[in-house]
Structure formats: structure tokens, C-alpha cells
Amino acid sequence: MIADDHRAILRLLADGAADGVGGVLVTLTGIVGASSRGIGTQMAVLADGRHAGSFSGGCIEAAVIAEAQAVLAAGCGRTVRFGSGSPYLDIRLPCGGGIDLLFTPQPDAATLRAVLERLERREAAQVEIHENAVVLADQRTGGAFVRRYVPALRLVALGHGEDLTALLRLTKAFSLPVEAYAPETDRHAAAETGITPLVSRTALPALTGDAWTAFVFLFHDHDWEEQLLPHALAQEGFYHGAVGSARTHRARLEGLRAAGVPKDALDRLRGGIGLIPATRDPATLALSILGELVQDYQACAGTPGWTGRAPRAAHVEAHR
């Protein structure tokens with residue numbers, strides 16, 4: 001697993017409880033100075049030493065595990081400072097900052113399972129984390145740290161050739177869910193597993209989206225976009241984008257506008273996609289696109305009122 005997956009942390013605790021193994025949920029609730037992790041980052045630690053998640057590059061994890069097992073033995077949660085300002089003088093963060101970690105022993109397994117079930121349905125979930133309890137947001141009592149969980153970034157990629165297969169392979173390597181579609185005559189797609197064939201330009205696949213889904217078009221034969229792009233733009237998503245030059249994108253928008261695609265949908269469609277301007281090979285293009293997807297997912301996905309247009313988009317297009 002490369003991509004951050006809070007499900008693995010919650011699942012370890014829930015599975016441990018089912019097996020009779022106690023555990024502690026550790027949550028980063030405060031930062032002083034610099035930190036390599038953000039507020040809300042979590043670890044799970046079981047009584048037998050198994051753990052998931054991290055708060056640094058490995059410099060304090062052993063101390064966190066030891067503290068979690070002490071908390072579990074005492075049966076009472078607490079908040080502990082590590083790094084700058086910590087009572088543990090021999091434990092320092094390389095960045096020189098300090099972090100406050102909330103240790104919650106024996107979090108309710110049913111609550112953790114409920115969160116996991118919502119994420120499986122691609123729904124967000126929110127909990128309050130106390131020193132000695134974790135409760136769903138609809139059971140709020142106040143005065144606790146609130147942690148929101150959202151579904152993983154999901155990619156729907158449509159295209160052909162090496163550009164599509166390179167993005168598919170990189171996304172899989174990054175451990176993200178991905179669906180890929182290519183014309184059935186595409187020899188590159190035929191040699192790749194996990195690509196659904198498109199039998200014709202008018203036989204539309206059953207695309208679905210949500211607030212955490214990105215749609216990416218990698219066609220160089222743009223006739224394939226005529227029916228597929230309006231179909232994808234009709235689906236919810238935090239990102240809709242298509243490769244091509246600025247001229248290609250202007251022509252694309254003119255064609256979609258003539259076909260009756262609504263203005264708000266056209267405004268969501270990006271051209272010249274990716275973080276790296278003017279890529280010239282499939283591998284770099286894939287890296288460029290995936291980097292932009294992850295950036296926007298972390299910053300904007302699921303945010304109410306999000307229009308699907310990142311501030312960087314205009315900058316990127318200007319360099320295409």
C-alpha cells in the first residue's frame with residue numbers, strides 16, 4: 001500500500017477487537033512548529049505490537065507504540081506531547097517541532113465498523129474522538145476532537161494507446177481504485193489487464209461518479225470524445241479533464257457547446273491537464289496527471305461548492 005488509507009488503521013483495530021486483542025487509536029490533534037504529518041493523522045496499535053500508520057519517518061513510532069501499550073495497560077486515555085516541549089527529552093522530531101497525540105484505548109469496534117461500511121459505500125463519515133471513546137458524529141457530545149473520513153480517490157480513465165496504459169499502471173501502483181476504458185481495437189489495451197473494451201463510439205459504458213471521483217480522457221482520436229465526454233460530464237466528480245493542446249481544447253469546447261452540453265459542465269472540463277507542462281512521453285504524462293489528481297483530491301474533493309476548477313488549471317493551460 002502506497003496511498004494513505006485510513007481504512008487499514010480502523011480495520012486493524014476492529015479486527016483486533018473481534019479476535020480479543022485490545023488496541024489504541026492514536027490521533028494527531030496539535031502541532032507546534034513543523035511536522036511531517038497533518039492534523040488528524042492516525043495510528044493504530046494493538047496489544048501484541050501490530051500497528052498501522054505513522055507520524056514521522058520512523059523517529060518516534062517506537063515511542064508511540066510503547067506509549068500506546070502503556071495506555072492500554074492503564075485503561076485510561078491521555079494526550080502526550082512528542083518533540084518540542086515534550087517531557088520525553090530523548091525523543092526529538094527531525095523537523096524540530098512538537099506534536100500532540102491523543103491516545104484512545106479500546107475504541108468501540110461497532111463504531112469503527114460503521115465508519116468502514118460508509119467508506120465502502122463511498123460515503124463520508126465523521127467521528128468525535130475522546131480520551132476514552134470514539135463516537136459517530138450523529139451521537140455528538142461536544143468537547144472532543146472531530147475527525148472526518150472520506151472515500152479514496154477513484155479514477156475513471158478513458159482513452160487509448162500507451163498514455164492510457166501508463167496512467168492505469170501508475171494508479172494501480174499507487175494503490176488507488178481505477179476503472180479504465182479503451183476501444184476494443186486498441187492493441188495496447190488488449191495486452192493490459194483491467195481495461196474494459198469500448199465496442200463503438202455510441203455504445204456508452206455505465207459510468208458512475210461521486211465527489212471523490214476523477215474522470216480523465218486520453219484520446220488522441222478525438223472522435224471518441226463526442227459521445228463519451230458529455231456522458232462523463234453528466235456524472236458527479238471533483239475532476240474532469242482531457243489531454244490535448246490549447247487549440248485542441250478550444251475546438252473540443254466548441255463542439256460540446258454545439259452539441260448542447262450545459263455551460264456549467266463545460267466550465268468543469270479542463271484541458272492541458274497535469275502538473276508538468278508539455279510532457280512528451282507516456283510515463284511523464286501519467287505522473288503529471290496523477291500528481292494533479294492527488295493534489296486536488298487532498299485540497300478540494302468533497303468540499304461543498306467545489307466547481308471542479310483548481311486555481312492551478314489556468315496556469316497549466318497557459319503553458320500548453
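Here are the numbers for the structure shown:
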quantity: Residue 140 vs. criteria modelled with pLDDT under 95, surrounded by fewer than 16 Cβ atoms within 10 Å (Cβ to Cβ) and within 25 Å of residue 239 (Cβ to Cβ); calculated: no
quantity: The stretch 135-153, subset in a strand (DSSP E or B) and out of contact with any Leu (no Cβ under 7 Å at 6 or more places or on another chain), residue nearest to residue 197 (Cα to Cα); calculated: 148
quantity: Unique match (being assigned by TED's automatic domain parsing to the domain that holds residue 108, without any contact (Cβ under 8 Å) to a residue 12 or more places away in the chain, more than 12 Å from residue 101 (Cβ to Cβ) and part of a loop (DSSP other than H, G, I, E, B)) among 38, 49, 57; calculated: 38
quantity: Options 111, 171: the member that is more than 30 Å from residue 32 (Cα to Cα), in a helix (DSSP H, G or I), assigned by TED's automatic domain parsing to the domain that holds residue 189 and in contact (Cβ under 8 Å) with a residue 12 or more places away in the chain; calculated: 171
quantity: Single residue of the stretch 144-186 satisfying the filter (over 20 Å from residue 8 (Cβ atoms) and β-branched (Val, Ile, Thr)) that is nearest to the chain's Cα centre (by Cα); calculated: 156
quantity: So residue 21, is it touching an Asp or Glu at 6+ places or on another chain (Cβ under 7 Å) and at pLDDT 95 or above; calculated: yes
quantity: Residue 277 modelled with pLDDT under 95 and either over 19 Å from residue 154 (Cβ atoms) or touching a His at 6+ places or on another chain (Cβ under 7 Å) (or both); calculated: yes
quantity: The stretch 24-39, residues that are at pLDDT 90 or above and within 20 Å of residue 71 (Cβ to Cβ); calculated: 24, 25, 26, 27, 28, 29, 30
quantity: Filtered residue count, the stretch 30-46, keeping only those that are small (Gly, Ala, Ser), within 16 Å of residue 9 (Cβ to Cβ) and more than 18 Å from the chain's Cα centre (by Cα); calculated: 1
quantity: Residue count for the stretch 198-251, restricted to those that are β-branched (Val, Ile, Thr) and part of a loop (DSSP other than H, G, I, E, B); calculated: 4
quantity: Residue that is farthest from residue 6 (Cα to Cα) [pool: residues in the stretch 174-188 that are not in a loop (DSSP other than H, G, I, E, B) and not small (Gly, Ala, Ser)]; calculated: 187
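The values are calculated or read from the model by the stated rules, or taken from the named source; none is laboratory data. Keep in mind that this is a model prediction, so the values were computed, not measured. Glycine gets a Cβ as well: all are built from the backbone with ideal geometry, and neighbour counts include every protein chain shown.
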